[in-house]
Amino acid sequence: MEYLVFPFGKYRGVELTELPSTYIVLALEKFDLPDELITELRMILFSRLNVWNIAAELAKKHTKKDFVELMARLSLKYSNKLNIDIWND
């Protein structure tokens with residue numbers, strides 16, 4: 001199932017891309033969400049934080065360990081569930 005709008009709560013019916021970043025973080029940490037919705041929310045949050053460009057630069061210059069450390073510093077503890085493999089291990 002593809003989620004385009006938030007399915008419940010204060011922001012029910014609001015497009016995911018229109019959700020405040022603070023609410024996305026709250027939802028990821030506090031709500032029991034379907035995996036597909038979790039992935040969508042993380043991708044939106046990552047794009048707002050410019051994580052994709054950072055990851056691309058790290059992939060060129062650093063190791064996967066460096067990227068994981070960066071994600072930890074950004075407190076994005078759920079980043080490993082996106083299963084993004086930009087390294088050729």
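The values are calculated or read from the model by the stated rules, or taken from the named source; none is laboratory data. Predicted model only: the values in this text are computed from it and were never measured. No Cβ is skipped: glycine too gets one built from the backbone with ideal geometry, and neighbour counts run over all protein chains shown.
For this structure, a couple of remarks:
- Each residue in segment 6-36 was checked for being on the phi > 0 side of the Ramachandran plot and part of a helix (DSSP H, G or I), and 1 of them qualify.
- Figure legend. Inter-residue proximity from segment 34-58: first residues within 11 Å of Tyr3 (Cα to Cα) and crowded, with 17+ Cβ neighbours inside 10 Å, second residues modelled with pLDDT under 80 and aromatic (Phe, Trp, Tyr), beta-carbon distance below 9 Å, spacing 6+ or different chains. Indicated pairs: Ile38/Tyr78.
- Glu29 vs. criteria within 15 Å of the chain's Cα centre (by Cα) and surrounded by 15 or more Cβ atoms within 10 Å (Cβ to Cβ): no
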